[in-house]
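Undergrad: Once you've had a glance at the structure underneath, I'll fire off some questions.
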Amino acid sequence: VYFLLKQAKVVVTVDTGTSHLCHFGGISHHVLLFPRTLPRGFAESPLAHIVQQVSIHHTTVSEVVEATNKFLI
């Protein structure tokens, strides 16, 4: 799994095991969809580009596309 993540142009995750693999594996082409309901610094990855809203359900497609474009363009 780590090899596939490393080879990907961009990885988009919520706070799951996959996002932790990205963080601890040093994968910086990572977009983390992160709710504001968790305490600051609780699970944020300093390597990831974080898209943060009140909840994951409030995150828009355009926000995710904008974040992923930073790695694709």
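Undergrad: Could you please tell me which pairs satisfy a Cβ distance under 6 Å, a separation of 6+ or placement on different chains, a first residue in the stretch 23-52 that is more than 18 Å from VAL64 (Cβ to Cβ), and a second residue that is hydroxyl-bearing (Ser, Thr, Tyr) and at pLDDT below 75?
TA: Close Cβ pairs (under 6 Å, with a partner that is hydroxyl-bearing (Ser, Thr, Tyr) and at pLDDT below 75) amount to HIS23/SER45.
Undergrad: Here is a list: SER62, SER45. Which entry is at pLDDT 75 or above and of a type in the set (Gly, Ala, Ser)?
TA: None of the others qualify; the one that does is SER62.
Undergrad: What pairs come up if the first residue lies in the stretch 1-17 and is at pLDDT 95 or above, the second is acidic (Asp, Glu) and open to solvent by 40 Å² or more (accessible area, probe 1.4 Å), and their beta carbons are under 6 Å apart, counting only those six or more places apart or on different chains?
TA: From the stretch 1-17, no pairs qualify.
Undergrad: I've got another one for you. Filter the stretch 6-34 down to the residues that are assigned to a loop (DSSP other than H, G, I, E, B), out of contact with any helix residue (DSSP H, G or I) (no Cβ under 7 Å at 6 or more places or on another chain) and not hydroxyl-bearing (Ser, Thr, Tyr) and list them by number.
TA: ALA8, ASP15, GLY26
The values are calculated or read from the model by the stated rules, or taken from the named source; none is laboratory data. Keep in mind the model is a prediction, meaning the values are calculated, not measured. Using ideal geometry, Cβ is built from the backbone for each residue, glycine included, and neighbour counts are taken over all protein chains shown. Accessible surface areas use protein heavy atoms only, side chains included; no ligands, DNA or RNA. Shrake-Rupley method; radii C 1.70, N 1.55, O 1.52, S 1.80 Å.
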